[in-house]
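Enquirer: Attaching a single structure in structure tokens format; questions to follow.
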Amino acid sequence: MFRPVIWAFLFLAIGCSKESASGAAPSAEPAKAGHAAATVKPGSHEDWCEEHQVPESQCTQCNPSLAAAFKATGDWCNEHGLPESQCKKCKPDLKIVRPPKAN
Ligand SMILES: [Zn+2]
Ligand SMILES: [Zn+2]
């Protein structure tokens, strides 16, 4: 007679534990001042390095490990240690425009 009640209770308990596991608070890292968070979409408005005026996802000065990828494609200025496509010393007219904010 009591069995249906017990099953219902078990079902609820499982449902609750599942919910709390998936709803666990993510360890949110605060973004460094002036630098985009690691989670931003490359090519978005948020993906921007204020300091060097290039997309943060392509900023070899903030993230030197990116340099290898530019060198591999031949897009590298040895003289200034920057991707050629970002080197304003070689290309004074170069303008890298920050992508507009998505609505
Ligand atoms: Zn930078
Ligand atoms: Zn250069």
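Just so you know, all these numbers are worked out from the coordinates, no wet-lab data involved. On a predicted model such as this, the values are computed, not experimentally measured, just so you know. FYI the Cβ positions are ideal-geometry reconstructions off the backbone, even for glycines, and counts take in every protein chain you see.
Enquirer: If I ask for residues that are within 13 Å of R98 (Cβ to Cβ) and assigned to a helix (DSSP H, G or I), which ones from segment 42-87 would you list?
Expert: Of everything in segment 42-87, those that are within 13 Å of R98 (Cβ to Cβ) and assigned to a helix (DSSP H, G or I) turn out to be E56, S57, Q58.
Enquirer: Considering only segment 67-87, state which residues are near ligand 2 (Cβ under 9 Å from one of its atoms) and exposed (fewer than 15 other Cβ atoms within 10 Å of the Cβ).
Expert: Selection gives N78, E79, H80, G81.
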